[in-house]
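What follows is one structure encoded as structure tokens, with my remarks underneath.
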Amino acid sequence: MYIRAKSNNAQLIDGTPILEHNRPELYPAAYPFKVCNKGGVGKVAFISINGANPAVGVTLVDVADANVNRVYPSTAFTVAVSSGSATDTATGTGAQAVEVDVLDADYKLYTLSFELAGQTKVTDVVLGATALRINDIRITRWGTGASNVGVVYVYDDSDTVTVGVPQTPAKIFGRIIAGANVARGAFYTVPAGCKLQLEKIRVGINDNTTTARAGSLAIKTSTLIGGRQIAATVFVSGQLYNTAQPITCDPSFPLIFDEKTDIVFQAQMSAVAVVTLCADAVLFYK
């Protein structure tokens, strides 16, 4: 997830100009609000949800570098972090520290900070066994190497870990591939007391053949309402050709997702290709 600059102070957020959108702050110390609200107007955060999948094929799959469909936990867990490299330590030349954006069992937003210990698991002691969603991961400090040497994993502390690598895909909730410094998973869960307004989606592929590639993009959602998860999927279809410029998908009107909604961008192609995605959105207080 990247921070973006707002376009103008007259922009409508949920039908209200930014200048008039001044709801009570719920998460002033949590990312992205802790960054966007300083010196800004209103309680809004302009972000981009970014993802990349190196091998999208004929089956609908998450736009995430792990190339698997994410499994959301149904019960709370304790967050743990580790790297596949012994070089990523608090005093090493690789990644030294990370931030993880977490929602607890009540979907409240927190930003947790971890000092890495290489392949040794580091367990959160702030929330304990009350985490329910992981929204984002980013390296916040590194050594002379200027990036993470190994894959940095965020996962359920109950999983078995071998040389820094958790062994159960369903218990891995995010990762940063070696050298990337930021996670590349196109998913987001809207925190309690907030809404997310999706405004623009840009999608690209790295196919350099002369044959047209049929591609479909899906926005899969699941919203917690009255104790039940209500699911829905919206498809955006089209033809993607060789190395053409990224396709921009501008909704006829902004798509607004309510609190406690899981949002996952998925894609499928008629032949295997690398798919990248960047979705511009605004996170704001209700």
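Just so you know, all these numbers are worked out from the coordinates, no wet-lab data involved. The structure displayed is predicted, hence computed values, not measured ones. Neighbour counts run over all protein chains shown; Cβ positions are idealised from the backbone, glycine included.
What does the net charge come to around Y2 if you take all other residues with beta carbon closer than 10 Å to its beta carbon, with K and R at +1 and D and E at -1? Spelling it out: positives minus negatives among the neighbours equals 0. Rounded to the nearest whole Hz, the Karplus-based 3J(HN,Hα) values (6.51 cos²θ - 1.76 cosθ + 1.60, θ = phi - 60°) of the stretch 94-110 follow the sequence x, 5, 10, 8, 9, 10, 10, 8, 10, 10, 8, 5, 9, 6, 7, 8, 9, with x at glycine and proline.
Return the subset of K6/K260; K121/K195; K34/K121; K200/K260; K121/K200 for which the Cα-Cα distance in this structure is over 31 Å, preserving the input order. Distance filter (> 31 Å) returns K121/K195; K121/K200. Which of these values of Cα extents along the principal axes in Å was calculated from the structure shown: (1) 83, 35, 29; (2) 54, 39, 36; (3) 52, 48, 41? Given (1) 83, 35, 29; (2) 54, 39, 36; (3) 52, 48, 41, the structure-derived one carries the label (3). Summed over qualifying helices (DSSP H, 4 residues or more, each -39500 (n - 2.57)) and divided by its residue number, the chain shows a 222 nm mean residue ellipticity of 0 deg cm²/dmol. Using +1 at the Cβ of each Lys and Arg and -1 at the Cβ of each Asp and Glu in the chain, identify which of A86, G227, T168 lies farthest towards the dipole's positive end. Of A86, G227, T168, it is G227.
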